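Note sheet for the following structure.
The values are calculated or read from the model by the stated rules, or taken from the named source; none is laboratory data. Because the structure is predicted, anything quoted here is derived from the model rather than measured. Here the Cβ positions follow ideal geometry from the backbone for every residue, glycine too, while neighbour counts run over all protein chains shown.
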Amino acid sequence: MSRAFVKEGDDDLSAGELPERPLSDHPNYVTPRGLELLQARLRELQESRERLAAEDEAMAKQKLLEVKRDIRYYKAQLERAKMVDPAGQPQDEVRFGATVTIREEGARQHTFHLVGDDEADVASGLISWASPLAKAMIGAKVGDTVMCQRPAGPAEVEIVAIRYDAGQPARRA
């Protein structure tokens, strides 16, 4: 009989039933701030695990499975982490940890900080170094124009400024 027709109780949940959080194939570069954030998140999850393990509710057990899965993910990310000090990067070109101001067609400017995957937050101007825009900018210098692929199609952007601020997040221009 197909498992689709078998009703299982909440007590039957096991860690094997939750899909693991995927780990990227590319290196896990992190800024000093990104490393601190990973460590802080792991501590929070470990505290949650202790609190949830003491509860005897079905919802707490489900949440505990999620927390255990996330702990495995963050431990793996910390093991894979390669901290990159922005101060050690070539200051005149875009590399990991750079804060880059670009100008789009129409003279609109945006500022982005190139960070690791777990630190990325586009709304805050933090983009993954492995994103299409970041990949297009890596190696570019002020005055260079690069082509990047966006959902609306290819776009040309000019590199207006590059700076390295020891891992501080950028603010949108």
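Could you list all residues from region 152-165 that are within 21 Å of VAL115 (Cα to Cα) and not β-branched (Val, Ile, Thr)? If the condition is that a residue be within 21 Å of VAL115 (Cα to Cα) and not β-branched (Val, Ile, Thr), then GLU158, ALA161, ARG163, TYR164, ASP165 are the ones that fit. Residue pairs whose Cβ atoms lie under 9 Å apart, sitting 6 or more positions apart in sequence or on different chains, and linking a residue in region 151-173 that is more than 12 Å from GLN109 (Cβ to Cβ) to a partner that is modelled with pLDDT of 80 or more and basic (Lys, Arg), are ILE162/ARG95; ILE162/LYS141; TYR164/ARG95; ALA166/ARG33; GLY167/ARG33; GLN168/ARG33; PRO169/ARG33. LEU38 meets all of the listed conditions (1) under 28 Å from VAL157 (Cβ atoms); (2) outside the structural domain of GLY116 (by TED's automatic domain parsing); (3) surrounded by 15 or more Cβ atoms within 10 Å (Cβ to Cβ) but one, namely (1).
Screening the candidates VAL94, VAL122 for the property of being without any contact (Cβ under 8 Å) to a residue 12 or more places away in the chain, within 17 Å of VAL30 (Cα to Cα) and in contact with a strand residue (DSSP E or B) (Cβ under 9 Å, 6 or more places away or on another chain) yields one hit, VAL122.
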